[in-house]
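Asker: Sharing a structure here in structure tokens format.
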Amino acid sequence: MSSWRAYLLRIGEKGHEYGANADAKEHIEACAGVLRRELDHSEGDILDFLIQCAEQLPHKISLYGTVIGLLNLENEDFVKKVVEKTLTNLQDALNSGTCSKIRILMRFLTVMMCNKIIHPGSLVTIFETLLSSSAMTADEDKGNPLWQAQADFYMTCILSSLPWGGAELFEQVPDDIDRIMVGVEAYLSIRTHSSDVGLSFFEDQETDDSITEKDFVEDLWQRIQALASNGWKLESIQRPHLSFEAQLVDAKSHELGPISCPEQPAPPSTLSVIASGRQKFDAELKYPQRIRRLNIFPSSKHEDIQPIDRFIVEEYLLDVLLFLNGCRKECASYMAGLPVPFRYEYLMAETIFSQLLLLPHPPFKPIYYTLVIMDLCKALPGAFPAVVAGAVRTLFDKIAYLDTECRTRLILWFSHHLSNFQFVWPWEEWSYVLDQPRWAPQRVFVQEVLEREVRLSYWDKVKQSIENAPGLEELLPPRGGSNFKYGPEDDKEKTDQHLLSLELSSMVKGRKTIREIIVWIEESVFPIHGFETTLTIVAQTLLDIGSKSFTHLITVLERYGQVIAKLCPDLDKQVLLLDEVGTYWRNNSQMTAITIDRMMGYRLVSNIAIVRWVFSSANIEEFHISDRPWEVLRNAVSKTFNRISDLRKEISSLKRSVTVAEETTSKANSDLAAAESKLTLVDGEPVLGENPARMKRLKSYADKAKEEEVSLRDSLEAKTALLARALDENEALFTSLYENFQKVLTDRLPDASSGITLRELKTSRPGSMAVDLEEESTMDVDNENGKPSSGNGVNESNSYNVGESEQWCLCTLGYVKALTRQYASEIWPHLEKLEAEILTEDAHPLFRRAVYSGLLLPIA
């Protein structure tokens, strides 16, 4: 790495470039000096890299701003190019809707204003442009309020920039910034309050809390007002330009050119609930809210942090998570060493968990947050592990109210986290779950965590980890492996079915062809024993041959999948096949899920057959006590969705390739035509066309280009047909899924005429849960070991008094909402059909409520 690159990249850090000195002023002077020397022969590279650093290391943006400010004293032309390129990047980001870039570049411009690089009036003009666009969007007559998400995002960009330069703006252009503040207040008065219904971490949709509480923009505005009232004093932002104020005052300030905001789509021509909801959904998908705060710890843990400082630290943490997602150790290092003068371990834990559990999707795969938490525990061994333990305990206390999707993610994260720390956890603290009914959420949580741990290790190791709470062995998954119906049993006489299984096994091991095995089945098994027995023999035997390892399973399905396909060509028979898989692997949820997933991958079973199997009577009884059926269902829906996503990406790539091929063909034909039209002399006589060798070569190029274009068009046509088929399958899948959900819920939910609400369903019990959803966590965490302090009032009782049928309904409704929310973009195109056929007025209100909540629609 070039020396000047290292200086830019490592500014503000202790390292080789700056030595052990951590003084920001000296770092800035050293970096500016190095850049000055390199500008003559690396100006373009420095310009690009400097802006890239500001965009991707935004917690250092104050340092970069001052470096540019010092360069502006001697090289105004270079700094002018920095300003122009930054503005160009901002306009490009606005046009493409790249939220993170817009937000960071707005901050960068504000910092440059503080360093006398940009005239304050120019920055105010940028603010006014965004403010005007937001106000226009919120205007029902002239704009499109369905795109309020975009307007709110622009408003957030303005407000989040003010902590970085509000003091300078109020000092230099007080009237202008007052006008901006009045404009913000006017916008907030006409916008619609944003509700978190459908996206909140905890399930309580019957209260009016979401209406009375401030939403994200309102909350940020309140924090900015408090900051302004406090004279713009805060601790979380470095202000290195103050050390160079005497020098920077003589610098020339540059003017910013105008920017423009993209226009929103026109409102739907027919203002139906579906059309409006779809457009609002698209807007929120493009301009998502960056964070939804998860208040795990009591406010006393943050009492030393002012509200605006909390917001700034959250911004720092989210920026580091975003821009350093490819280097987890570097990410953890930056997160642990933010340039703030106060401790923020509790806030850091809350921010990471809020991203891990963010609905509908976390910004990155959950494994990323697992690794970051693990690295932070190792980087801060004296502080962070106890904080994480405290967070787990608080979430466990509230697990009954945690959103279904969040609960699943928490289980997967916690089991993986423990596997990286020798499975050490004080399980005796949770041994009381054994006294709860088997459907109690805390008991199910412990059971599922232990099951996932066994997948990541082995049964004896996990059993050893709970030796301080030996009773929890009851919640471990069965130790046994497969359940082969025709295994060797010395005390039982072998039946004809045993002998047929042995014969089939020897045929497979003898590498008999698929045709030979099918003929044997048709002649020796099916006529005598009938279909069900034949299926049992074939399925159990092949599964047993493939049970030794994942590779064995894949090999068997690849070689003899056609035998299964021949036996089970329709849905009913495929459901029976899945029954056999479930029976064979009844002691191993992981292998059940893997086997069914692979069978779907080889198209031996359809996704609709899987849905029907999941909703069979035996599996329905497990909905509230096990993740086993839900894991199979999630995999089936996910695989269907991934097929569609992959086809869309391939079609998009092919369309680009076809465009390039068309241009290549056109150019080749033009070259050929030009060559053919030329006159050349052959034996002293004029002849039309260039020399034959060149003509032959050009003709060959043109033919090959045309062939390539035709080939790509054929591929595009084939992929388009596959996508149309996949979309039809997707529609059938969700129709089947909601039909089954409606049927089982209608059978078990209280009669709709009773008017029961979700809250009443949760509280229709003689006792009450220890943790009420509406109460903020009052748990206190000991700084030494993260254990709950006594007398906190959270666990007054460890009982769970919700009845089994009520818990079944709550769990199933939770999955309706979770699956709808996760695949909302694929469900929207079919919503009219679903409303006409399934979500009718006759459907149970709680079922409809769960679906609409998942789609973020007003509850119908």
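The values are calculated or read from the model by the stated rules, or taken from the named source; none is laboratory data. Note that the coordinates shown come from a computational prediction; the quantities given were computed from them, not determined experimentally. Every residue, glycine as well, gets a Cβ built from its backbone with ideal geometry; the counts of neighbours run over all protein chains shown. Side chains are part of the model used for accessible areas, which takes the heavy atoms of the whole protein and leaves out ligands, DNA and RNA. Shrake-Rupley method; radii C 1.70, N 1.55, O 1.52, S 1.80 Å.
Asker: Looking only at region 616-640, count how many residues are among the hydrophobic types (A, V, I, L, M, F, W, C) and surrounded by fewer than 20 Cβ atoms within 10 Å (Cβ to Cβ).
Answerer: Number of matching residues: 3.
Asker: A further question follows. Give the residue, chosen from Glu731, Glu775, that is part of a helix (DSSP H, G or I) and either in contact with a helix residue (DSSP H, G or I) (Cβ under 8 Å, 6 or more places away or on another chain) or at pLDDT below 55 (or both).
Answerer: Testing whether each residue is part of a helix (DSSP H, G or I) and either in contact with a helix residue (DSSP H, G or I) (Cβ under 8 Å, 6 or more places away or on another chain) or at pLDDT below 55 (or both) leaves just Glu731.
Asker: How many residues does region 447-472 contain that are part of a helix (DSSP H, G or I) and either in contact with a Pro (Cβ under 6 Å, 6 or more places away or on another chain) or surrounded by 14 or more Cβ atoms within 10 Å (Cβ to Cβ) (or both)?
Answerer: Result for region 447-472: 17.
Asker: Is at least one residue of region 378-389 at pLDDT below 95, among the hydrophobic types (A, V, I, L, M, F, W, C), assigned to a helix (DSSP H, G or I) and more than 24 Å from Gly198 (Cα to Cα)?
Answerer: yes
Asker: Would you be able to tell me the number of residues in region 292-303 that are open to solvent by 10 Å² or more (accessible area, probe 1.4 Å) and within 21 Å of Leu220 (Cβ to Cβ)?
Answerer: So the first thing to find is which residues in region 292-303 are open to solvent by 10 Å² or more (accessible area, probe 1.4 Å), and the list is 292-293, 295, 298-303.
If we keep only those that are within 21 Å of Leu220 (Cβ to Cβ) too, we end up with 292-293, 295, 299, 302-303.
Adding up the residues that qualify gives 6.
Asker: Same structure again: Would you mind finding the one in Ile620, Ile564, Ile594 that is among the β-branched types (Val, Ile, Thr) and under 27 Å from the mean Cα position of the chain (by Cα)? Working first, answer last.
Answerer: Working: Ile620 fails: under 27 Å from the mean Cα position of the chain (by Cα); Ile564 fails: under 27 Å from the mean Cα position of the chain (by Cα).
Step by step, each of Ile620, Ile564, Ile594 is checked, and only Ile594 is among the β-branched types (Val, Ile, Thr) and under 27 Å from the mean Cα position of the chain (by Cα).
Asker: Turning to a different aspect of this structure: Just checking: which of the helices (runs of 4 or more DSSP H) contained wholly in region 476-593 hold 1 or more residues that are acidic (Asp, Glu) and under 17 Å from Val605 (Cα atoms)?
Answerer: Because the criterion is at least 1 residues that are acidic (Asp, Glu) and under 17 Å from Val605 (Cα atoms), the helices (runs of 4 or more DSSP H) in region 476-593 that meet it are 526-545, 550-567, 571-584.
Asker: Looking at the structure I just gave you, is Leu338 of a type in the set (A, V, I, L, M), more than 21 Å from the chain's Cα centre (by Cα) and not in a helix (DSSP H, G or I)?
Answerer: When the stated conditions are applied, Leu338 passes them.
Asker: Another question about this same structure. Here is a check on your reading of the model: is Arg643 buried (at least 17 other Cβ atoms within 10 Å of the Cβ), closer than 25 Å to Thr812 by Cβ and not assigned by the TED database to the domain that holds Phe550?
Answerer: No; evaluated as a whole, the condition is false for this residue.
Asker: On the basis of being closer than 24 Å to Arg393 by Cα, aliphatic (A, V, I, L, M) and not in a loop (DSSP other than H, G, I, E, B), does Val424 make the cut?
Answerer: no
Asker: Read through the list (1) under 25 Å from Arg455 (Cα atoms); (2) surrounded by 14 or more Cβ atoms within 10 Å (Cβ to Cβ), then give the number of the only condition that Ile517 fails.
Answerer: Single failed check for Ile517: (1).
Asker: List every residue pair whose Cβ atoms sit under 7 Å apart, with the two residues 6 or more apart in sequence or on different chains, where the first one lies in region 727-738 and is among the aromatic types (Phe, Trp, Tyr) and the second, anywhere, is part of a helix (DSSP H, G or I).
Answerer: Taking only residues 6 or more apart or on different chains, the pairs are Phe734/Ile827; Phe734/His830; Tyr738/Leu834.
Asker: Can you find even one residue in region 160-177 that is in contact (Cβ under 8 Å) with a residue 12 or more places away in the chain and closer than 13 Å to Phe216 by Cβ? Even if it seems obvious, please write down each step before you answer.
Answerer: Narrowing region 160-177 to residues in contact (Cβ under 8 Å) with a residue 12 or more places away in the chain: 160-170, 172-173, 176-177.
This time we only want the ones that are closer than 13 Å to Phe216 by Cβ, so: 160.
There is at least one residue in region 160-177 that is in contact (Cβ under 8 Å) with a residue 12 or more places away in the chain and closer than 13 Å to Phe216 by Cβ.
Asker: Could you run through region 484-496 and say how many residues are open to solvent by less than 60 Å² (accessible area, probe 1.4 Å) and modelled with pLDDT under 90?
Answerer: Qualifying residue count, region 484-496: 2.
Asker: Condition check: part of a helix (DSSP H, G or I), hydrophobic (A, V, I, L, M, F, W, C), closer than 27 Å to Glu731 by Cβ and out of contact with any Asp or Glu (no Cβ under 6 Å at 6 or more places or on another chain). Does Val605 satisfy that?
Answerer: So Val605 fails the test.
Asker: Take Arg643 and tell me if it is farther than 19 Å from Trp439 by Cα and among the basic types (Lys, Arg).
Answerer: yes
Asker: Next up: From the set of residues in region 306-322 that are open to solvent by less than 20 Å² (accessible area, probe 1.4 Å) and within 20 Å of Trp221 (Cβ to Cβ), which is nearest to the chain's Cα centre (by Cα)?
Answerer: If we filter region 306-322 for residues that are open to solvent by less than 20 Å² (accessible area, probe 1.4 Å), which is where we start, we get 308-309, 311-321.
From what is left, the residues that are within 20 Å of Trp221 (Cβ to Cβ) are 308-309, 311-315, 318.
Numbers: Ile308: 27, Asp309: 26, Phe311: 22, Ile312: 23, Val313: 22, Glu314: 18, Glu315: 18, Leu318: 14 Å.
Ranking the candidates gives Leu318 first.
Asker: Further question: Suppose we filter Leu271, Leu256, Leu285 for residues that are crowded, with 16+ Cβ neighbours inside 10 Å and either assigned to a loop (DSSP other than H, G, I, E, B) or of a type in the set (A, V, I, L, M) (or both); which single one remains?
Answerer: After applying the criteria, what remains is Leu256.
Asker: With respect to Glu473, determine if the residue is free of Cβ contacts under 8 Å to residues at least 40 places away in the same chain and under 42 Å from the mean Cα position of the chain (by Cα).
Answerer: yes
Asker: Continuing with the same structure: What helices (runs of 4 or more DSSP H), lying completely within region 811-860, carry at least 2 residues that are in contact with a Ser or Thr (Cβ under 8 Å, 6 or more places away or on another chain)? First the steps, then the outcome.
Answerer: Numbers: elements: 824-827, 831-837, 845-854.
The helices (runs of 4 or more DSSP H) meeting that bar are 831-837, 845-854.
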